[in-house]
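Below you'll find the structure, written out as structure tokens, and then a few comments.
The values are calculated or read from the model by the stated rules, or taken from the named source; none is laboratory data. Fair warning: this is a prediction, and the values are worked out from it, not measured in the lab. Cβ: placed from backbone, ideal geometry, glycine included. Neighbour counts: every protein chain shown.
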Amino acid sequence: MHWAVEELSHIMPPPPDGGDPVDWDALRVDTGWELPADYRDFVAVYGMGRISDSIGISTPHFEGSPYEDHLLFRAEPRVADGELTWASNEAGDDFLWRCCGEPERWEVIFRPRSRHRDHTYAMGMAEFLLRLVRGDIHPPLEAELAMPATFESWREEEKRLLDEDGNLEGF
């Protein structure tokens with residue numbers, strides 16, 4: 001397991017039913033995208049979900065996924081120096097990779113909703129999240145990130161939103 005995902009799991013425990021079963025080899029063949037190892041490990045441990053009910057982490061489509069809109073839903077085939085959004089928050093801030101070179105060398109870009117200025121971090125997604133929840137870095141988030149950080153998987157959110165009759169609350 002990637003060191004940053006291991007450290008993150010001590011600070012922000014993974015959900016008991018976390019982790020999503022992405023077939024990474026099939027994804028690479030079908031889409032041309034190879035994603036960083038730290039991200040793959042994060043998906044295996046945490047899966048799709050939200051950090052502190054704020055930052056929504058996207059995953060590629062997987063067997064049993066309830067959503068059509070996923071990490072590569074509208075992504076173009078990989079280009080030499082493109083960007084790919086892997087998370088966003090309710091305020092409209094985006095978290096992306098600068099997809100330049102090998103996936104293990106991709107940098108994280110934080111793009112505030114205001115779009116006035118991107119903030120680039122020379123680290124991978126898992127290290128970025130680790131340093132964010134530890135308070136080592138402070139991107140200008142437009143939405144508050146409650147601490148200590150928690151992670152809620154899409155499965156937990158779905159259970160929470162279902163009423164006693166199995167219907168989504170409010171619908």
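The conditions of being more than 21 Å from Ala37 (Cβ to Cβ), in contact (Cβ under 8 Å) with a residue 40 or more places away in the chain and over 16 Å from the mean Cα position of the chain (by Cα) are met by Glu144.
The helices (runs of 4 or more DSSP H) falling completely within the stretch 1-56 that include 1 or more residues that are within 14 Å of the chain's Cα centre (by Cα) map to 3-11, 37-45. The criterion of at least 1 residues that are without any contact (Cβ under 8 Å) to a residue 60 or more places away in the chain and charged (D, E, K, R) is met, among strands (runs of 3 or more DSSP E) falling completely within the stretch 76-139, by 81-89, 94-100, 107-111. Taking the criterion of being within 29 Å of Pro140 (Cβ to Cβ) and modelled with pLDDT of 95 or more, the residues of the stretch 36-50 that qualify are Pro36, Ala37, Asp38, Tyr39, Arg40, Asp41, Phe42, Val43, Val45, Tyr46. Exactly one residue out of Pro60, Pro148 is part of a loop (DSSP other than H, G, I, E, B), at pLDDT 85 or above and under 20 Å from Gly19 (Cβ atoms), and it is Pro60. The residue that is surrounded by the most Cβ atoms within 10 Å (Cβ to Cβ), counting only those in the stretch 63-106 that are modelled with pLDDT of 90 or more, among the aromatic types (Phe, Trp, Tyr) and within 18 Å of Leu27 (Cβ to Cβ), is Trp106. Of all residues in the stretch 1-49, how many are out of contact with any helix residue (DSSP H, G or I) (no Cβ under 7 Å at 6 or more places or on another chain) and closer than 12 Å to Leu129 by Cβ? Of the residues in that region, 1 qualify.
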